[in-house]
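Derivation of every value follows stated rules applied to the coordinates shown; laboratory data play no part. Predicted, not measured: the structure shown is a model, and the values here were computed from it. Cβ sites come from the backbone with ideal geometry, for glycine too, and all protein chains shown count toward neighbours.
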Amino acid sequence: MSAEALPAPAIQVEGLVRRFGRVEAVRGISFEVARGSTTALLGGNGAGKTSTLSMLLGVLLPSAGTVRILGEDVGRHRYRVLRRMNFTSPYVDLPKSLTVEENLKVFARLYGVPRMRARIGALAAELEIGDFLKRPYGTLSAGQRTRVSIAKALLNAPEVLLLDEPTASLDPDVGDRVRAQLARYQRASGATLLIASHNMPEVERMCDAVLMMRTGRIVDRGSPAELVARYGRRTMEEVFLDVARREEPAGAAA
Amino acid sequence: MSAAAALSAQRIYAIVLRHLYLLRKSWVRVVEMAYWPTMQMVLWGFIAQFLATNSSWVAQVPGVLVSALLLWEILFRGQLGFSLSFIEELYARNLGHLFASPLRPSELVAAMVLVSLVRTLIGVGTAAALAWFLYATSIFDLGLPLVAFFANLLVSGWAVGLMVSALVMRHGLAAENLAWGAIFVAAPLSGIYYPMSVLPPWLQALAWWLPTSHVFEGMRGVLVERTFLWHELWNAVALNAVYVTVGAGVFLASFEGARKRGKLVQIGE
């Protein structure tokens, strides 16, 4: 196959910068995420993960740099690409007074989902939310809300799925189910997943590739196995701690 | 592709549906919509009855005060219905979900306009029915001009609602009180219950820049003089076209500003 015939990476980020006043939250990062892969975006609090995901979604404008998703420039064709992607985030919520089913119907229409009822029914069965479809979203437990949030994110069968801490605040049982459901969706659809997470076992289990962020930069990248070997550690947890605690190189903050 | 062609009726309907779901299950919200127009109408109905026996020229015309009150409520409810639909999304922390979907800001505005229309019809419709029952005063006595007044006042309400929503997007829920109070700035200048000639000349010069002044003057033309004042209608339409365009521009600029500042996800906190 010639180079021209190869499909563009699912996500291409080039020289992405985001400043909030004098603070540079994201400092000129560049990376690519291959189609059909599951990639982790790792880093401590304030590393720039959520700002990066927000810029990929176009809800935050970059100070500099470009984002291309599925070959489309997000800055220029945001609405075209948003139909083909979706996300979950603990920083946003769904209307609590609406039932789960009502919420899913609203978002199904927003994403132009064909055969909406059948799609919601299939997701309800897959994510085990059928029992509380008729209940107000606000009455659900954290684990139930997470599953509903993932159902919303899968409504349009996204080709690119951004997940910001998808299993935060879940007990190990629910967290394990959510990971299994996401992995099933990824295998069945060939979708590309980009996951911001603090859960290292989750990263080792789900991800083909890892981008390590620190103070707004990507400081390392590779597969979980490569990173573990490179740092001479046994687990990604130990790699994470090494990266998070190592001294900032002189002049790096400039 | 033109801006109008890019709008999706399905996405607009999705947002309308989201608010109808809310109304359908919240009788408190529906009661609140009807409560204030009804209270105002009852109060002013009795005042009008009192004035009718005390030679006030305006009260000599049956129903003029009640009709004025109901028209004012169209303006107020129209603006409130628009602003509160937006604020509901902030309360729900749902703006991030909405704006990370293919929903365009212009579609959100179109949906809020429709929701505002529904909310206004519920609120003012209840009060208008009660006015007919209590005082045998029907706002429909205005005849066809009522449609022109109704449309103009709603558009004025949306223009203010757009600007209030833009301020809420800029300043968060700290600006929420504007949703309740902003429209009252226009009340003394609009000549709701008295002719414009009551105002001092310098204030009249200012007041004529409000579309609402022309609407209420037009209402008195119909009720008092039995004349439809076409020039007042066209003045109101022209001013509304300017204000609603400015309002939409301010709202869209505020949306882009929120994207630049990263507020779309955190707004409301």
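Think of each Lys and Arg Cβ as +1 and each Asp and Glu Cβ as -1; about the Cα centre, that makes the dipole of region A:93-157 roughly 180 debye. Excluding same-chain neighbours fewer than eight residues apart, the aspartates and glutamates reachable from A:Lys96 by a Cα-Cα span under 16 Å are B:Glu88, B:Glu89.
Taking Cα pairs under 8 Å and at least six residues apart, what relative contact order does chain A come out at, in percent?
Values: 441 pairs, mean separation 63.6, N = 254.
25 percent.
Sequence-ordered 3J(HN,Hα) estimates for region A:98-103 from the Karplus curve with 6.51, -1.76 and 1.60 and θ = phi - 60° stand at 7, 6, 4, 5, 4, 4 Hz, glycine and proline given as x. Only Lys, Arg, Asp and Glu carry charge here, each on its Cβ (+1 for the first two, -1 for the last two); on that basis chain B has a dipole of about 780 debye about its Cα centre. Counting, for every residue in A:93-100, the Cβ atoms of other protein chains within 10 Å of its Cβ and taking the mean gives 6.
Among DSSP bridges having both ends in the protein assembly as shown, what percentage is antiparallel? Round to the nearest 5.
Close to 55 percent.
In region A:93-157, taking the dipole from charged Cβ atoms about the Cα centre, the farthest positive-side position among A:Ala122, A:Asn156, A:Ala142 is held by A:Asn156. Of the residues B:Thr38, A:Val17, B:Ala186, the one whose Cα sits farthest towards the positive end of the charge dipole of the protein assembly as shown is A:Val17 (charges of +1 on Lys and Arg Cβ, -1 on Asp and Glu Cβ, taken about the Cα centre). Per-residue mean of foreign Cβ neighbours for B:97-109 is 6 (Cβ atoms of other chains, 10 Å radius). Residue by residue along A:78-88, Cβ atoms of other protein chains within 10 Å of the local Cβ number 3 on average. So for chain B, Kirkwood radius off the Cα pairs, Stokes-Einstein at 10 °C and 1.306 mPa s: how many µm² s⁻¹? Estimated diffusion coefficient is 82 µm²/s. Seen against the Cα atoms of chain A and their longest principal axis, helix A:116-126 is set at about 70 degrees. Electrostatic tally near B:Phe255: other residues with Cβ closer than 14 Å to its Cβ, Lys and Arg +1, Asp and Glu -1, net +4. Between A:Leu41 and A:Ile195, A:Ala196, A:Ser197, A:Leu211, the built amide H atoms are under 5 Å apart, and every one of these is 5 or more places off in sequence or on another chain. Sequentially through region A:25-35, phi angles give Karplus couplings (6.51, -1.76, 1.60; θ = phi - 60°) of 6, 10, 10, x, 8, 9, 6, 10, 10, 5, 4 Hz, Gly and Pro residues having no value and appearing as x. DSSP finds beta bridges in chain A, and of those with both partners inside it, around 55 percent are antiparallel.
Pop out the Kirkwood hydrodynamic radius of region A:93-157 from its pairwise C-alpha distances, inverse of mean 1/r, in Å to one decimal. Kirkwood hydrodynamic radius for region A:93-157: 11.3 Å.
Most exposed first by the Cβ proxy, i.e. fewest other Cβ within 10 Å, how do A:Tyr137, A:Tyr231 rank?
By the 10 Å Cβ count, ascending, the order reads A:Tyr231, A:Tyr137.
Packing order of peptides B:151-160, B:252-261, B:72-81, highest average first: B:72-81, B:151-160, B:252-261 (average count of other Cβ atoms within 10 Å over each peptide's residues).
Applied to region B:119-130, the Karplus parametrisation 6.51 cos²θ - 1.76 cosθ + 1.60 on θ = phi - 60° returns per-residue 3J(HN,Hα) values of 5, 5, 4, 5, x, 6, x, 4, 5, 5, 5, 5 Hz, with x for Gly and Pro.
At the listed q of 0.22, 0.26, 0.27 Å⁻¹, the Debye profile of region B:148-188, built from one uniform point per Cα, gives log10 I(q)/I(0) equal to -0.70, -0.87, -0.90. Can you pick out the pairs among A:Lys49/B:Lys260; A:Lys152/B:Lys260; A:Lys134/B:Lys260; A:Lys134/B:Lys263; A:Lys152/B:Lys263 whose Cα atoms lie more than 29 Å from each other? Distance filter (> 29 Å) returns A:Lys134/B:Lys260; A:Lys134/B:Lys263. Report, in debye and to the nearest 20, how large the dipole of the protein assembly as shown comes out about its Cα centre when Lys and Arg carry +1 and Asp and Glu carry -1 on their Cβ. It works out to roughly 640 debye. Exposure proxy ranking for A:Ile150, A:Ile69, based on other Cβ atoms within 10 angstrom of each Cβ and starting from the fewest, stands as A:Ile150, A:Ile69. Evaluating kT/(6 pi eta Rh) at 25 °C and 0.890 mPa s, with the Kirkwood radius of the protein assembly as shown over Cα pairs in the Stokes-Einstein relation, gives 95 µm² s⁻¹. Put simply, region A:124-217 fits an ellipsoid with semi-axes of 24, 16, 12 Å; these come from the alpha carbon gyration tensor as the roots of five times its eigenvalues, largest first.
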